[in-house]
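Structure record follows, encoded as structure tokens.
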Amino acid sequence: MIRPFKINISNKIIEDINTKVAKYPWHEMPDDGGWSYGTNLDYMKEISKYWVEKFNWKNVEEKINKFKNFKTNIDDIDIHFIQEKGSGSNPKPLLLSHGWPGSIIEFLHIIDQLAHPEKFGGKEEDAFDVVVPSLPGFGFSGRPSRPIGPRKMASIFNHLMTEVLGYNKYLAQGGDFGGTIATWLGYDFPKTCTAIHINILIVRHPDGPQTKEEKEWEERFEKNQIIENGYRTQQATKPQTLSYAMMDSPVGVAAWIIEKMRGWSDIKNNDIESVYSKDTLLSNIMVYLVTKTFNTASWIYYGRREEGGRLLPKEDLPLKVPTAVALFPKEYLEWAPRSYVERIYNVQRWTEMPKGGHFAALEQPDLLIKDIRDFAKSLNI
């Protein structure tokens, strides 16, 4: 059963968050400062001041609630989703999946352009029915009873698209864990998820790299990821321990997320706000805080580890479904050579973008929209 849903966070919850931010006991960082030790202290003080004095969560609620929001129960989990039905007589169904540390906030400003292109100088026949769920354990969705990974989430989303919403076929798009979810949708449900568009390579082929170029990529990738593995290891092994520090500290959650938003994005002049406004950063952070889901959202890493990590089963590789890959140059998870990618995916479209990083929908929405649209035009769905 589908239930209409409207976001209306109580003023008390918002006031409690603001009080904790205002009273945060600032400490120290090394004298040479910068961002090399983690989130910069001066920037955290600056954004926290803005948070308390100027940021308005109710404006974010209004932006979300302008779309039709729903909840439905799948596998004993309440799944929240936005559904914006597209213009014209035959819009293509499109599932957009976020990852960590993202949320539905990443997609709010592209939903209308995808669903109603004629309002933005495009053609009505290019419209999509856009479905944007909150991942289980994230944001406005309920939590699983214990950690689940992206493969299980893919099963839940396929059920949402087919059994709940009634689509016979659909296209799935995602970055971060959304890209992994799209991959599992194409692997496990090729009769319904008939094409995928991804802007990240997280999964791995069980046979590993084969060519000299591929082996050099793997060596470079592993070396580059050493400095990024801390959060990932913690969340995949002992997420509950981390939760005790985070669940009562809005500033702690903000610092944890801002470090990734800055480090994984195509920023200019070392300035995170060359890409994201304070309002954008805080809107995404607040989704975790007002729903108290920082803990349960981190479970996805534990769930992925239990599902087998990055490795796909060797059977049925490469995927049969047509796949488009969008390579943004500042993606912190470096893409493998095309020869490796094509042993995993049925690559029908390969687009090397001129700019952008990990959070493609936020950083370069026009490039992402065009690539999704151009790919969809080539498909029979």
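The listed residues are Val347, Val341, and the only one of them that is β-branched (Val, Ile, Thr) and crowded, with 17+ Cβ neighbours inside 10 Å turns out to be Val341.
Please work out which residue is nearest to the chain's Cα centre (by Cα), limiting yourself to the range 196-250 and to residues that are outside any helix (DSSP H, G or I) and among the charged types (D, E, K, R). Going through the qualifying residues, I end up with Arg204.
List every residue pair whose Cβ atoms sit under 8 Å apart, with the two residues 6 or more apart in sequence or on different chains, where the first one lies in the range 316-340 and is under 15 Å from His205 (Cβ atoms) and the second, anywhere, is surrounded by 15 or more Cβ atoms within 10 Å (Cβ to Cβ) and among the acidic types (Asp, Glu). Listed pairs, sorted by first residue: Pro318/Glu342; Ala336/Glu214; Ala336/Glu218; Pro337/Glu214; Ser339/Glu214; Tyr340/Glu214.
Could you grab me the full set of residues in the range 197-224 that are aliphatic (A, V, I, L, M) and within 18 Å of Glu315 (Cβ to Cβ)? Even if it seems obvious, please write down each step before you answer.
Within the range 197-224, the subset aliphatic (A, V, I, L, M) is 198, 200-203.
Once the filter is applied, which keeps residues that are aliphatic (A, V, I, L, M) and within 18 Å of Glu315 (Cβ to Cβ), the range 197-224 yields only Val203.
For the range 123-145, the set of residues classified as over 24 Å from Phe5 (Cα atoms) and free of Cβ contacts under 8 Å to residues at least 60 places away in the same chain consists of Lys123, Glu124, Glu125, Ala127, listed by residue number. You will find that of Leu311, Leu379, the residue that is in contact with a Pro (Cβ under 8 Å, 6 or more places away or on another chain) and exposed (fewer than 15 other Cβ atoms within 10 Å of the Cβ) is Leu311 and no other.
So the check is Cβ under 8 Å with 6+ separation or different chains; which pairs have a first residue in the range 267-281 that's crowded, with 19+ Cβ neighbours inside 10 Å and a second one that's outside any helix (DSSP H, G or I) and acidic (Asp, Glu)? That search, which allows pairs on different chains as well, returns Val275/Asp266.
Restricted to helices (runs of 4 or more DSSP H) entirely inside the range 299-381, those with at least 2 residues that are modelled with pLDDT of 95 or more and basic (Lys, Arg) are 365-377. Being modelled with pLDDT of 95 or more and assigned to a loop (DSSP other than H, G, I, E, B) narrows it down to one of Ser155, Ser141, so name that one. Among Ser155, Ser141, only Ser141 is modelled with pLDDT of 95 or more and assigned to a loop (DSSP other than H, G, I, E, B).
Considering each residue of the range 189-199 in turn, none proves to be at pLDDT below 95 and under 17 Å from Glu334 (Cβ atoms).
Of the residues making up the range 166-195, those that are polar (S, T, N, Q) and part of a strand (DSSP E or B) are Gln173, Thr194. Just the residues that are of a type in the set (Gly, Ala, Ser) and either surrounded by fewer than 20 Cβ atoms within 10 Å (Cβ to Cβ) or modelled with pLDDT under 95 (or both), please, taken from the range 158-184. If the condition is that a residue be of a type in the set (Gly, Ala, Ser) and either surrounded by fewer than 20 Cβ atoms within 10 Å (Cβ to Cβ) or modelled with pLDDT under 95 (or both), then Gly166 is the only one that fits.
Rundown of residues vs (1) over 21 Å from Thr237 (Cβ atoms); (2) among the hydrophobic types (A, V, I, L, M, F, W, C), yes/no style:
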| position | (1), (2) |
| --- | --- |
| Val251 | yes, yes |
| Asp266 | yes, no |
| Leu289 | yes, yes |
| Ala297 | no, yes |
| Leu312 | yes, yes |
| Asp316 | yes, no |
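Checking each residue in the range 225-246 for being exposed (fewer than 14 other Cβ atoms within 10 Å of the Cβ), touching a residue at least 12 places away in the same chain (Cβ under 8 Å) and farther than 27 Å from Pro313 by Cβ picks out only Gln240. Among the residues making up the range 350-368, those that are surrounded by fewer than 19 Cβ atoms within 10 Å (Cβ to Cβ) and either without any contact (Cβ under 8 Å) to a residue 12 or more places away in the chain or touching a helix residue (DSSP H, G or I) at 6+ places or on another chain (Cβ under 7 Å) (or both) are Trp350, Thr351, Pro365, Asp366. The test for being out of contact with any Cys (no Cβ under 9 Å at 6 or more places or on another chain), among the β-branched types (Val, Ile, Thr), farther than 27 Å from Trp350 by Cα and free of Cβ contacts under 8 Å to residues at least 24 places away in the same chain does not hold for Ile148.
The values are calculated or read from the model by the stated rules, or taken from the named source; none is laboratory data. Predicted, not measured: the structure shown is a model, and the values here were computed from it. Methodologically, a virtual Cβ is constructed for each residue, glycine included, from the backbone with ideal geometry; neighbour enumeration extends over all protein chains shown.
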